[in-house]
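To start, the structure itself, in structure tokens.
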Amino acid sequence: MTEIVTRFAPSPSGYLHIGHAYSALFAERAARQANGRFLLRIEDIDIQRCRPEFEEAIFEDLDWLGLSWEEPVRRQSDHFDEFSDALTRLVDLGVIYPCFCSRKQIRTEIAAADRAPHGPEGPHYPGTCRQIGISERTEKLNEGIEHAYRLDTAKALDMAGQMVWSDRQAGQVEADPGLFGDVVLARKDTPSSYHLACTWDDHVQGITFVTRGEDLFPSTHVHLLLQRLLGLQTPDYHHHKLLTNESGVRFAKRDKSLTIRSLREAGNTPEQVRQLAGF
Ligand code: GLU
């Protein structure tokens, strides 16, 4: 039987809140109940928003909650070269194209379109740079025009065929990676997107069971496609419910009073905070 390896993968762009506590405790419990392993990953690819003091606080807060994880902790910003190798593999497959459009150009194009397909993160990229000819593309690259790298999702899907993942909450789910359109996998200021870095790192860390909030359910469709293209195993998934306040609104980083830190400063014990998170 496959060993259960779970992970908690926070981004150090703020202090952990009670929703994070739930997610971390959920992943740790899933590993413990199966005599498996629980790992930690710092998802700090967005170097503009992530800060070392928040990373420090993650270790401190999780430790205070009574969690322990296997070392080493994987910090994504230490592995940009690996993400770029993974991207090169996709480029070699012919499923990546450079996109020179600015955000403003994309907005204008979408506004002018009769019908713009929408995904979980808003309207799809209209595909402008997918259609430009090879000579124009080479010219732009030679001129050093800033660009992102997008996945040619339709082409990738043709290559990948049908994909299914097993979700402990949702059952057998057929992947529909077209959901987001041609996603960005890398850009100048963020050399890897969440989708690529997360998929790659779940593989490198040997994660067999990905547990995370149901807000990330749509992303899993894209992760399956990347796994198939890169020849990686698909782990099992459990997209868990999100903790909400009495009005049903999910906790966010801006709810300062509900950070693990402020709950602790207000005199709560680790047991009380675990209980508040439902553990
Ligand atoms: N870093 C993501 C977050 O903090 C979680 C990624 C994941 O669990 O796949 O929302």
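The values are calculated or read from the model by the stated rules, or taken from the named source; none is laboratory data. As the structure is a prediction and not an experimental result, all values here were calculated from the model. All Cβ positions, even for glycine, are placed from backbone atoms using ideal geometry, and neighbour counts span all protein chains on display. With ligands, DNA and RNA removed, areas are computed over all heavy atoms of the protein, side chains included. Shrake-Rupley method; radii C 1.70, N 1.55, O 1.52, S 1.80 Å.
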Distance from region 242-279 to region 15-88 (C-alpha centre basis), Å: 19 Å
Where V91, V173 fall by accessible area, highest first, once all protein chains stay in place (1.4 Å): V91, V173
Two-site label geometry, R51 and Q131: point separation in nm, points 7 Å out along Cα→Cβ: 4.4 nm
Virtual spin-label span in nm between L242 and N142, 7 Å along Cα→Cβ: 4.8 nm
Theoretical gain in end-to-end length, D63 to T108 [0.36 nm per residue, Cα-Cα removed]: 11.4 nm
Region 138-171: trypsin sites (Lys or Arg not before Pro) falling in loop per DSSP and having at most 13 other Cβ within 10 Å: R168
Principal axis dimensions, largest first and in whole angstrom, of the chain by Cα: 64, 42, 36
Exposure rank, largest accessible area first [V5, V249, V184; 1.4 Å]: V249, V184, V5
Isolated Cys in the chain, by beta carbon distance under 4.7 Å: C50, C101, C198
Proximal lysines to K188, defined as alpha-carbon separation beneath 27 angstrom and excluding residues fewer than eight positions away on the same chain: K104, K140, K155, K253
Dimensionless Rg ratio for region 97-208, taking C-alpha atoms and the 2.2 N^0.38 Å reference: 1.22
Efficiency of FRET between D81 and E214 - r from beta-carbon atoms, R0 35 angstrom, step 0.05: 0.60
Translational diffusion of region 1-83, µm² s⁻¹ [Kirkwood Rh, Cα pairs; Stokes-Einstein; 25 °C; 0.890 mPa s]: 185 µm²/s
DSSP loop GluC sites (Glu not before Pro) with at most 16 other Cβ within 10 Å: longest gap in the chain: 4-120
Percentage relative contact order, the chain, counting C-alpha pairs under 8 Å, at least six apart: 26 percent
Qualifying chymotrypsin sites (Phe, Trp or Tyr not before Pro) in region 111-190, DSSP loop, other Cβ atoms within 10 Å at most 11: none
Straight-distance crosslink candidates among aspartates and glutamates, where the alpha carbon sits under 18 Å from K256 and sequence neighbours closer than 8 are dropped: E53, E55, E56, E60, D61, E246, E265
Those trypsin sites (Lys or Arg not before Pro) in region 43-131 that DSSP places in a loop and that have at most 12 other beta carbons within 10 Å: R115
